[in-house]
Every structure is written in C-alpha cells, then in structure tokens.
Amino acid sequence: MSSNSQKKGFGATIWDYLTTVDHKKIAILYLISGGFFFLVGGVEAMMIRIQLMKAGNDFLSAGTYNEVLTMHGTTMIFLAAMPILLAFMNAVSPLQIGARDVAFPFLNSLGFWLFFFGGIFLNLSWFLGGAPDAGWTNYASLALASEGHGIDFYSLGLTISGFGTLIAGINFLVTIINMRAPGMTYMRMPLFTWTTFVASALILLAFPPLTVGIFFMVFDRLFGANFFDVTMGGNTIIWEHFFWIFGHPEVYILILPAFGIFSEIFAIFSRKRLFGYTALVFATILIGFYGFMVWAHHMFTVGLGPTANAVFALATMIIAVPTGIKIFNWLLTIWGGNISFTVPMIYAVAFIPSFVAGGVTGVMQAIAPLDYQLHDSYFIVAHFHYVIVGGVVLAILAGTHLYWPKMFGTMLSEKLGKWTFWFFFIGFHLTFFIQHFLGLMGMPRRVYTFGADQGWDLFNAISSAGALLMAIGVIILLVNVVMTVVKGERVGNDPWGDGRTLEWAIPSPPPFYNFAQTPLVRGLDPYWIEKMEGNKEGMVYAEPLGDIHMPNGSFIPFVISLGMFIAAFGAMYHTDGHAWALPVLIGGLAITFGSMLVRSLKDDLGFHVTKEELIADNERIQREARALEGGKKGGLK
Amino acid sequence: MMKGPKKWRLFALMTALLVFLSGCGREEISTLIPAGKVAQDQFNLLILSSIVMLFVIVVVTIIYVLAIVKFRRSKVGEDMIPEQVEGSARLEFIWTAIPIVLLLILAVPTVYSTFDLADVTAMDAQDEDGAAENLTVNVTGKLYWWEFEYPEQEIRTAQELVVPTDERVYFNLIAADVKHSFWIPSVGGKLDVNPENVNTFYLEFDKESSELEEGVYFGKCAELCGPSHALMDFKVKTLNREDFDAWVAAMQEEQAAPTDTVAQEGQQIFEQSCIACHATNAAGAATGVGPNLATFGDRTTIAGFMEHDEETLKNWIADPQQYKPGNLMPNPEEINNGEPFSDQELDALAAYLMGLKVEE
C-alpha cells in the first residue's frame, strides 16, 4: 500500500480503480469516461452534419434525428464537458493548494460513480426502445407528449448523474475552503483553483433547480402528476424557468474552469505572472454572480412581456463587462512576456479570437428585439458552439496536453498535437462561422431536413465539410494518446520548464500522498518564487517529515451508485405494468441504502504512511529523477 | 508555427468571400432582406450591434496580433525572464469603462424597441360603428400545421396566411397540442406559440408577395415540436387592401359545387372519408381536426412544404406518414372501409381538391 509504483496485475489495477478514493485516480476515471462520452457525442454530431449535408437528405429519419440531436447536446454538456473539467479539477486543484487529497475522498468516488452510472443509463436508451427526443432542453409539452421511455431515460439518468455532480461541487468547495496549505491565502490561489471554487459554488446553487424540474417531470410521466399538463391546469413555462435557472449558470460552470485552464497556460507559457490577478479573480466571481440573474434571456420569445425582456436584456449585457476584463488581462499577460508556442499555448492563443467571436454574438442576442430573429435559429447554434467549442472544448484539449504529464507522467506528442490543433481549429470555424449566416437567412435550429428552395444548400455543405476536419483532428488526438501510452517515456516534475504553481513542484505523477511535507506558500505562483530564488528543491516546507494519515479505498461508492442504477430501471418499467419492476425498484434502493448503512456502521479509520516509508519513497523518487536527468538532457524546450 | 497566422488570414478571407458571393439568402425567408417594419427595426439593431461589436473585435485583434508577434520566444530570446508585472489600475478602469459606454449605446434602442414591438394597445380599438380598426388573426399551431382564423371577418383558413400590406396586423397565438413558435423571418422575429396562454404581437407587411419569385413569404415553426418539426412550414400571401377585401368577401361565400364529373366523384369520396376532419368552407366558426381546405386550389404547397400538383397530392393522400412523419392524418385504410384509395379514387379526390378555390 505504501508505494504506488509496484507492478500490478490487470485485475488488481481494475479493482484498484473501482475502489479508489485518490483524487488523482478519480481524475483519470473522469477523463477516460468523459473522453468516451465525448467520442459518442462527436459521432452524434457527425450524424447530424451528414444528415444536413444537402437538401432533402434521408440519412436519418425524422424521429431518429431528434433523438440524435437530443443525445448530442445532453451527452456533450452533462457527460463529456463537465466530467472532463471535473477530471482536471480533481487532478490539479488539490495539488495547487498543497493538499493531500480532497476533503471527502469517499464522496469524491461516490460522485464519480453516480455520474458514470447515470451516463450509462441515459445512453442505454439507444438499445432499449429509443433515446430521448425533446432536445437537451427537454421542453415540457413535447417531453410529456413523447412516446416510449426516451424522456424517462433522460430524467432518471440526469437525476443520478446530477447527484454525482452536486456531490463533486460540494466537495471542492469544502476542499478549497479548508485544505489550503499554510500561506495559501485566497488571494494567492492559482486562477484554476479560483474558477474551480466559483464553478463549484454555481454547481451547488444551480443543480437543485434542475433536480426539482426533473422530479416534476418524473412525477408527471411515471406517477400521473400534472405539473406540466396544461389540460389539467399545469404550466409548461415553469419547466422552462427551472431549466434555465439551472441552464444558464451551467454554461458558466463549464466556461469558468476553462478560463482557469487558459489563465494557467497564459502565465506559464508567457513566463509571466497573470496581469491583473485581482481583477481576474473578481471578474470570475462577478460572472458567477450575474450568471444567476440572466436566465430569462433564453426565453425572450416566450411572451414574458416587455418589462421582463428589457430587464433581462440589460442584465445580460452587463456580463460582457467582466468577460471583457478577462480578455484584456490575458492579452496584457502575454504582452511583454516570452511566449513559447507549445500545444497548450496554441490552444490558448486560438481561444481568444474564437471566444471573442462567441462573446460578441452573445451581446447581440442580449438585445431582446433582435433576439426575436436570432432565437432558435442557426445563429444561436453558431453562437453557443463558438463559446462552448471555442471556449470549453479548446480548454479541454489544451488542458489535456498541459496536464497529461502531471496525470500520467508522460508527454503527448507536440507534433501530433499541432496537427490535431490545426484540423480541429480550422474545422471548427468552417463548421460554425457559416451557421451565423444560415440563421440570419431564416434557418431554424433542430430541423432534420430542409428544402432545396430555401437557399441554404451551399452553407450547409460547407458546415458539414468543416465537421469532417474536426473529426480528423480528434482521431489524430486519439492516435497521439495511444502512441504516448505505448512509448511511456517518463518526465520530471516540471516538464514544461516554466511551471509556476505547486503541482509542478512534485513528481509526475505525484505520489499518492501528494506532498510528503506540506509546503509553505510564500506568495502567488509559489513554485516560481522558489525557482527564482534558486531553491533547488522547489519548495519550502510548513511541517517536519512525519506520519501521514490517508483514507482506505472503498467499493461502497460503486455499490451505492449501482443500486440507484438498478432502481431507475424498476421505476421506469413499473409504469408498463411489468410484475418484476417493483421488486427491482425496491431491490435497487435496498442496495443503495444498505451500502450506506454499512458505510455508517463500519468504522474505517484509514491508515498511516510512516515516516520511514516516506523516506524510502523519497529516495526512490530521487533515484528515478536522476535516471531521468541522465537519460535525456534538459527536458522539453 | 510560422505558418499559423497566415493560414488563418487566408481562411478568414475565403469565408468572407463565400458569404459575399452567395448574398443574403432568399427574399422570401431571409432576415437580411427585411420586408416590414418589425423586421426592419430588428435588422437595424443587427447592423448597429454588428458595428459596435466589430469595433471591439478590431481593438482586441490589434492588441492580440501585436502581442503574439512581438513577444515570441524566438524574438525575445530563450532565457529572457520577463518583468513580473502585477497589473494596472488605470488600464482596468479603461477596459471596464469603455465597454460600459458601448453597452449603453446598445441599451437605449434595445429598451425602446422591446416596448415598441410589444405594443398591442391598438389591437382592440374600435371605430364609431363598433367594428375593429385593425385586422386581427388568431393563429393556432397544431401538429404539424397552422390554422388562421379571422375573427372579425368570421373566416378561417390554414397553411397559407393571407394579409393586407401597409398596415399593422395583430396576431393572437396559441398552441393546440405542444409548444410551437411562429416565425416569418423576412417580416419579423418569432413569438412562441404556447399551449397555456395566448401570446400577442403585431407585424407589418410592406410588399405584395406577388412580386416575389415564389409568390409567397416562407413561414416556419421555430420550436422543436416532434418528428416533423422541420416540415411545419406555412406560407404568407400579402395583398394590397383592395385585393385583400375582395379575398375576404370571396372567402365568406359558400364553396361552389364542382362541375366536371371527376371532381364530383371526388367530392362524394371526400364527403364519405375526409369531411369529418376537413371543412371546405372558409366561413363560419367551426374548427376542424384537420386543416380547412377552402382555399386548397389557391395554395402554393401541399402539406406546407411539397410541390403543389396533383401527383404529389395523390401520393400524400395515399401515404401521409411517409412524407410528414408523426402527423395526425389517418391512412386511407382507416377512413375508407379498410381499403387503400384506388388510383381512380385518388384522381377524383385530387381533381376535387385542386378545384377548391376562392381566388379567380
């Protein structure tokens, strides 16, 4: 248990990951499953673009198309973007604040497995009678009218995975508040940790409205309630409010960690501290705060009346100010710096024009009367792909390259990385830039076909061609990952050479206890400070070497989540009158609550890593580091 | 890496060129060729905001390009350690204040226009005789077609909205089943068609649609409403006030019986199989399960999106699900004693339906 470097059998490794409570391994689990769902969502995107390649295409039927578009959106937001960002939060945030793990390692594991089983449940709908088909927004009147179990898969799947996300959010809040190393004041926290912190607060406040909305939906569809049934006095607009009170903060939950990743990259690869750190922090907080004030701008055409529309229009415009502050501070960070165009930096540099383009169309849509034209047209499709792909996905790709060495101890190929970048970046603009004009030319979104007489053929063909380039980029990335894993060339603590924050001061990947001695933080960018002062070790310590208390792994989170997964099937098929459904529902819940009971009654006090083991481990690390130095001079340029 | 920015510029140029070459889309449907006050106001806001935003983009681009060109490692040297600048309160103030000014420039017309476009106070205005001063159309969105009722004129039609030019036309919108959204891109922005409440707005139509290549404006459903959401199209015919009044008068008359024998046979079949859902008279308040067919022969499309000819019509009647998946029109077997319509019956139905006209 004391060393993570022993070779293990395949089965033992699997068991290790099934039971792990180590934030670094959970990060890898998030990355792999999020990456898998990213590919699934990508295939769905390609199907959409193939269908819309030309007028009157019949690659997908009308009903299937609606399932594909719904699952593309739902998968990308809930099962790809969020988990991959959670992967980076898990991998990096605890290291950046000098912690040995998150505050609640057991809950961290539970959060992952809930997300995982929720995602699997949702995607099983493809094989069990049809996927949800009411859009990722799942507007209530259509959702209630939808036949089959697609919408039930959506509601139950998102309920389960939503629990997981909520747990993760709470965990990071507590971790960042309580587990910072001595000297790591709030205003010395790296920006990625700050954005993790604010995004976690948004998760805490935004997911409950979604959960409430989805509960209403489940009750309407499975238990005959009438929250949204207009003929029985229900109201479908309530769903729209619930959804967007969640949905708007949700996009900030995605974009803020992306901002965080880019902030780290700009500083590292410009070799310069972040310009206007304080302004960046307050802009982050402001964006998070305003994020809750603007949800009705998704509903300008609902008929809320001119007063509501005007108020929400103005509130929405205000968000442009803190976002602009961020952009200019990033520009001034690279200004006067020493810019090294590594793959992460290329993504960061490409992010600025892409995100500005998405931002300005956002302001245009804040103009309520203009939005009457733009809403639900391809213009909005172009806009949100500019911010989500141009912001979040570029951050994910950049973060994958940046943190890969820290997570896996090897380096993704820079050459293939650049190929991925160029295919993806050109493909992205080719796909989505033209869609602004499709929208202005009258093309509504979510249409499975269009007539040759509408004048949209050429632009749709161009858009589909762009999607192909993006797909090629992603395939090259996969090749890159496989080659890197096969090669397995180890790298040292600070493979980029210009790391500034604590995670770069320890080995890649870090030992399971992260820091043998808790570091003492003497300012912003603590590792940089030590480097500049010529501290060879990279850190000063806040405590003498001593025993470290660590938690034991546990299989219980997996079982709790599995129980909910099983119960969801019972709940769903109960309405079909199957005799087995009720026992399955009760059985699933029994598994969940039973394992919670076991967890509560059985004491698990963890274990200690002794001082002697730490010394031995440290010698091993030093030995490996020296071998690495001898093997190749210098490291990465 | 040296090639990077160059490629990007070339790409931007290419896209710009393409956009320029293919113009602004079709006059019948493009928001870029506004054909009424509402669309024009919205287009003006588009242009204003585009200019302001272009200014932002230019400023960012200049700083951005200078930064990545001037401060590359190959230029400043491998070992150069930049000065670790903390920030600048003055700069922070500038890039907070200037965007606020820009937003104020946008905010004023936004608020004005939001209230202006929602102003339907004149809707219920009556002249001295108690007749409505303005035309009101009640729109009902149904899976997957549109019903248009003219309450004051006591007529009803479907799929093709007919309106007068150069005056304000008021709309009441409601959905009969799931949520839809009513959108005529070249005439004005959309408004949702909710199942629980009536939404109200107005549009103005500047130009007679006979001047258009297709003779009609294209209307769309803009809210996902099921499999055939993409096919829930409608058309808009705009007439000058005089022609419109004539059209209303013709609509109020009883439909003349067909004269030729094939059409008469078609009428018989229709009255056995179809009339339970489809009315053929425009006058009166009775709403049908299916679209009112009084103007069927005048229309430019079948089912809102297909070619308007007898062949298409027969295919459509014979197998509606193939063309508009999920629509509620029964298959022939369900309404024709368990039998599909024979070719002869389809010919007769087509002849009859194509003869249903109110225009000359």
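The values are calculated or read from the model by the stated rules, or taken from the named source; none is laboratory data. Since the model is a prediction, treat every value here as computed from it, not as a measurement. No Cβ is skipped: glycine too gets one built from the backbone with ideal geometry, and neighbour counts run over all protein chains shown.
Some points to look at:
- Pairs linking a residue in segment A:511-525 that is touching a residue at least 40 places away in the same chain (Cβ under 8 Å) to a residue that is outside any loop (DSSP other than H, G, I, E, B) and among the hydroxyl-bearing types (Ser, Thr, Tyr), with Cβ atoms under 8 Å and 6 or more positions apart or on different chains, are A:Thr518/A:Tyr541; A:Pro519/A:Tyr541; A:Leu520/A:Tyr541; A:Leu524/A:Tyr277.
- Taken over segment A:360-406, the criterion of being within 14 Å of chain B (Cβ to nearest Cβ) and among the hydroxyl-bearing types (Ser, Thr, Tyr) is satisfied by A:Thr361, A:Tyr372, A:Ser377, A:Tyr378, A:Tyr386.
- Residue count, segment B:275-312 (criterion: within 18 Å of B:Ser228 (Cα to Cα), touching a Leu at 6+ places or on another chain (Cβ under 8 Å) and outside any loop (DSSP other than H, G, I, E, B)): 1
- In segment B:111-136, the residues that are more than 10 Å from chain A (Cβ to nearest Cβ) and of a type in the set (Val, Ile, Thr) form Cβ pairs under 8 Å with partners that are surrounded by 12 or more Cβ atoms within 10 Å (Cβ to Cβ) and part of a loop (DSSP other than H, G, I, E, B), at six or more places apart or across chains, as follows: B:Thr136/B:Pro151; B:Thr136/B:Glu152.
- Within segment B:212-235, being at the interface with chain A (Cβ under 7 Å from one of its Cβ atoms), within 15 Å of the chain's Cα centre (by Cα) and either assigned to a helix (DSSP H, G or I) or without any contact (Cβ under 8 Å) to a residue 24 or more places away in the chain (or both) holds for B:Leu224, B:His229, B:Ala230.
- Among residues of segment A:278-321, those that are away from chain B (no Cβ under 11 Å), surrounded by fewer than 20 Cβ atoms within 10 Å (Cβ to Cβ) and farther than 22 Å from B:Glu92 by Cα, counted: 2
- Count - residues of segment A:525-538 that are crowded, with 22+ Cβ neighbours inside 10 Å and in a loop (DSSP other than H, G, I, E, B): 1
- Helices (runs of 4 or more DSSP H) (entirely within segment A:13-103) containing at least 1 residues that are among the acidic types (Asp, Glu) and free of Cβ contacts under 8 Å to residues at least 60 places away in the same chain: A:23-51
- For the residues A:Pro83, A:Pro94, the requirement of being closer than 30 Å to A:Arg180 by Cβ and in contact with a His (Cβ under 7 Å, 6 or more places away or on another chain) singles out A:Pro94.
- Flag for B:Thr238 being among the β-branched types (Val, Ile, Thr) and part of a loop (DSSP other than H, G, I, E, B): no
- Answer from B:Lys207, B:Lys190 - the residue that is buried (at least 23 other Cβ atoms within 10 Å of the Cβ) and of a type in the set (D, E, K, R): B:Lys190
- Considering segment B:39-65, the residues that are at the interface with chain A (Cβ under 7 Å from one of its Cβ atoms) and farther than 22 Å from B:Ile94 by Cα include one that is surrounded by the most Cβ atoms within 10 Å (Cβ to Cβ), namely B:Gln42.
- Only one of the numbered conditions (1) more than 14 Å from chain A (Cβ to nearest Cβ); (2) surrounded by 17 or more Cβ atoms within 10 Å (Cβ to Cβ); (3) of a type in the set (D, E, K, R); (4) not in a helix (DSSP H, G or I) is violated by B:Asp243, and that is (4).
- Segment B:275-315: number of residues that are buried (at least 19 other Cβ atoms within 10 Å of the Cβ) and in contact with a strand residue (DSSP E or B) (Cβ under 7 Å, 6 or more places away or on another chain): 9
- Verdict on B:Pro99 being buried (at least 20 other Cβ atoms within 10 Å of the Cβ) and in a helix (DSSP H, G or I): yes
- Every pair of residues 6+ apart whose Cβ atoms lie under 7 Å, when the first sits in segment A:442-471 and is more than 13 Å from B:Ala230 (Cβ to Cβ) and more than 8 Å from chain B (Cβ to nearest Cβ) while the second is among the β-branched types (Val, Ile, Thr) and surrounded by 21 or more Cβ atoms within 10 Å (Cβ to Cβ): A:Ser463/A:Thr431; A:Ser463/A:Ile434; A:Gly466/A:Thr431; A:Ala467/A:Thr431; A:Met470/A:Thr431
- All positions within segment B:290-338 that are farther than 16 Å from B:Gly266 by Cβ and basic (Lys, Arg): B:Arg299, B:Lys324
- Residues that are in a helix (DSSP H, G or I) and surrounded by fewer than 21 Cβ atoms within 10 Å (Cβ to Cβ) within segment A:409-426 comprise A:Glu414, A:Lys415, A:Leu416, A:Lys418, A:Trp419, A:Trp422, A:Phe423, A:Ile426, listed in sequence order.
- Check on B:Val65, in contact (Cβ under 8 Å) with a residue 12 or more places away in the chain and more than 32 Å from the chain's Cα centre (by Cα): yes
- Some residue of segment A:347-358 being at the interface with chain B (Cβ under 7 Å from one of its Cβ atoms), in a helix (DSSP H, G or I), surrounded by 23 or more Cβ atoms within 10 Å (Cβ to Cβ) and more than 26 Å from the chain's Cα centre (by Cα): no
- All conditions but one from (1) more than 7 Å from every other protein chain (Cβ to nearest Cβ); (2) surrounded by fewer than 19 Cβ atoms within 10 Å (Cβ to Cβ); (3) modelled with pLDDT of 95 or more apply to B:Val139; the one that does not is (2).
- Criterion applied to A:Phe266, A:Phe259, A:Phe282, A:Phe246 was being in contact with a Phe, Trp or Tyr (Cβ under 7 Å, 6 or more places away or on another chain), more than 15 Å from A:Trp528 (Cβ to Cβ) and either of a type in the set (Phe, Trp, Tyr) or not in a helix (DSSP H, G or I) (or both), and the one residue passing it is A:Phe246.
This table checks each residue for (1) touching a residue at least 12 places away in the same chain (Cβ under 8 Å); (2) buried (at least 17 other Cβ atoms within 10 Å of the Cβ).
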{"site": "A:Pro544", "(1), (2)": "yes, no"}
{"site": "A:Met550", "(1), (2)": "yes, yes"}
{"site": "A:Ile566", "(1), (2)": "yes, yes"}
{"site": "A:Met572", "(1), (2)": "yes, yes"}
{"site": "A:His578", "(1), (2)": "no, no"}
{"site": "A:Leu597", "(1), (2)": "no, no"}
{"site": "A:Lys602", "(1), (2)": "no, no"}
{"site": "A:Gly606", "(1), (2)": "yes, no"}
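- Checklist (1) in contact (Cβ under 8 Å) with a residue 12 or more places away in the chain; (2) under 30 Å from B:Glu78 (Cα atoms) applied to A:Asn535, failing item: (1)
- Screening the candidates B:Ile105, B:Ile100 for the property of being more than 30 Å from B:Asn194 (Cα to Cα), in contact with a helix residue (DSSP H, G or I) (Cβ under 9 Å, 6 or more places away or on another chain) and more than 10 Å from every other protein chain (Cβ to nearest Cβ) yields one hit, B:Ile105.
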